[in-house]
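This report refers to the structure that appears directly beneath it.
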Amino acid sequence: MLLQHIKPGEMVLEAKGITKRFPGVIANDQIDFAIKAGEIHAILGENGAGKSTLMKILFGQYQPDEGEIFLGGQKVKFNSPLDAIDRGIGMVHQHRKLVPAHTVIENIILGHPRAGKILDYKRTTREIHDLCDKFGFLIDIKAKVWQLSEGEKQIVEILKALYRGAELLIMDEPTAALTPIETEKLLTSIKAMSQDNLAIVPFITHKLPIVLSISDRITVLRHGKVVSCIETKQATEKSLATALVGREVIFNVKRAKAEKGETILKVENLSALSDKGVRALNKVSFSIRNGEIFGVAGVSGNGQRELVECLAGLREMEEGRIVLDDHDITTASSYDRWRLGMGYIPADRNHLGSIADFSLVENMTMNYYFDKAYQHRGTLDYQRIRTLTEEIIAEYGVKTPNADVKAKNLSGGNLQKFILARVLSRSPRLVIVDLPTQGLDIGAIEFVRNKLNEAKFEDTAVLLISEDLDEIFSLSDWIAPIYEGQFMGIIPAEEAHRESVGAMMAGISMAEDGQ
């Protein structure tokens, strides 16, 4: 351990001139970064900015092609994550590295030398309880991981690192899958850890309010380079967004008050089972009118997937009724639903929203193969589809050399733009959008939200499924927090408050408003 004698305010880690090249790209280009004991130094950057590469270099997963790393004033080289862990660096991964069937305690000590050949269960339990008390973590350490919420799983990852003696904690998108209440609790614990002399490096893509509320300093990466390193007190959301993207960003689209149009979708007492045979939706009822966005807010795993799949005709309903534009589609096929004017933008753009090895022209046929206007003598008219694809690429600003590029070669943001364009180009009566900006950077998020808002003003009914409260509040005319397969209420956007919606997402009952 090189960090055990570091005092508050002293330098913990310095990275100088870090450069990492991959075929055809420089992921990190002469990056300088430093963090002191007791400091929270956030690294902010869009997808592809070089955050993940730098994070992996600091944790020993990658070796830099150029540059040096100093830990506690001594030059070090990490040949593996084990080297970094041994020197007091811990990593909290966005995608959990936990064993669901094991308990919290078992996950924390798994593979840890301190556990010894024979586990001293009482000592281990006491030590973990002490860590929880010290930093305000509330968790049943005897529970199985599969029984935990996303927030509790995040706590387990943090405890794993702390139990191994981490004094520098790297956190990858620490609040990505948490409810507002869980986020608030985690931020409180992060501040407590920094006050205990830990150095903390959160890597964040676009949650600027989180960065501003938690950090002491902020380093912004763009195209693999450091474009800004400032004290947090000198930063604003606007200045950070401009540094991230290189231009001014409009965060919130202009949401006009929804006019009461005709009902496009009506869902009555919809119930469905999960893949495990457990009831995932329990008598859900709601309706959406043309020209409005109905936002379903919730943490992943509370029935959103089953709801979307039932509406799209991809999952069998246990009971209930679905009406689209006065057509009862309860037992209709997906094909019939598309022909009646339903559009669907799935959360998984790589596997459900596109065919990776097909060109963009071929992918365009997914929403046009049944349209006689794009057929010629019983076969697809590829020339017309190619012309449409090229027009859409230009209109939506999809960055691609041509329409023959395979879908798998597009970036996440450009692939999402293409899928959005493919669906909206048919002017659907109803469009279902599931996590439309998940994993996107600020520029792509801004574009997608604006397009959804435009669809609403063209009299399309929009069902928005999102885990991002900023997105829900920015776009929705009605907000329905979902918890364990049930709507906790249906609230007009102008009457909704972040605190109450966040509480309802966590299952805390509030006064319900009817639609």
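No lab work stands behind these numbers, since they all come straight from the coordinates. Computed from a prediction, not measured in an experiment: that's the story for all the values here. Cβ coordinates were reconstructed from backbone atoms using ideal geometry, including for glycine residues, and neighbour counts include every protein chain displayed.
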(request) For F370 and F22, calculate 0.36 nm times their separation in residues minus their Cα-Cα distance, and state this gained length in nm to one decimal. (result) 121.0 nm
(request) Across region 343-444, how many lysine pairs, 8 or more positions apart or on different chains, have C-alpha atoms separated by under 16 Å? Please give the number. (result) 4
(message) Only sites in a loop by DSSP and with at most 11 other Cβ atoms within 10 Å count here; which trypsin sites (Lys or Arg not before Pro) in region 358-398 make the cut?
(response) R377
(message) Of the listed values (1) 23.9, 72; (2) 24.6, 79; (3) 23.7, 81, identify the label whose number matches Rg and Dmax of the Cα atoms in Å calculated from this model.
(response) (2)
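Would you mind ranking M171, M193, M366 so that the residue whose beta carbon has the fewest other beta carbons within 10 Å leads the list? Before the final figure, lay out the partial values.
Working: M171 25, M193 22, M366 15.
Exposure proxy ranking, most exposed first: M366, M193, M171.
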(request) Per DSSP H run of at least 4 residues, take -39500 (n - 2.57); add these up for the chain, divide by its residues and hand me the 222 nm value, nearest 500 deg cm²/dmol. (result) -9000 deg cm²/dmol
(request) Report the paramagnetic label zone for R247: residues of region 438-456 whose backbone N is under 17 Å from a point 7 Å from Cα along the Cα-to-Cβ axis. (result) 441-451
(request) For a label point 7 Å from the Cα of D357 along Cα→C-beta, name the residues of region 377-420 whose backbone N is under 19 Å from it. (result) 404-410
(message) Within a 10 angstrom radius of the beta carbon, how do F22, F473, F70 rank from fewest other beta carbons to most?
(response) F22, F70, F473
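In nm, what is the difference between 0.36 nm times the number of residues separating L138 and H497 and their Cα-Cα distance? Present the calculation step by step, with values, prior to reporting the outcome.
On the way: separation 359, 0.36 × 359 = 129.24 nm, distance 2.58 nm.
So the extension gain works out to 126.7 nm.
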(request) Take the Cα atoms of region 354-425, find their three principal axes, and give me the spread along each one in whole Å, biggest first. (result) 36, 23, 18
(request) Grab the beta carbon distance between L340 and R279, set R0 = 30 Å, and tell me the FRET efficiency rounded to 0.05. (result) 0.60
(request) Would you grab the residues whose amide H sits under 5 Å from the one on Q375? Only those 5+ places off in sequence or on another chain, please, with H modelled 1.01 Å from N. (result) D381
(request) Taking 7 Å along the Cα-to-C-beta vector as the label spot, tell me the N79-D120 distance in nanometres, rounded to one decimal. (result) 3.1 nm
(request) Note the full-extension length gain between K191 and D348 as 0.36 nm times their separation in residues minus their Cα-Cα distance, in nm to one decimal. (result) 53.1 nm
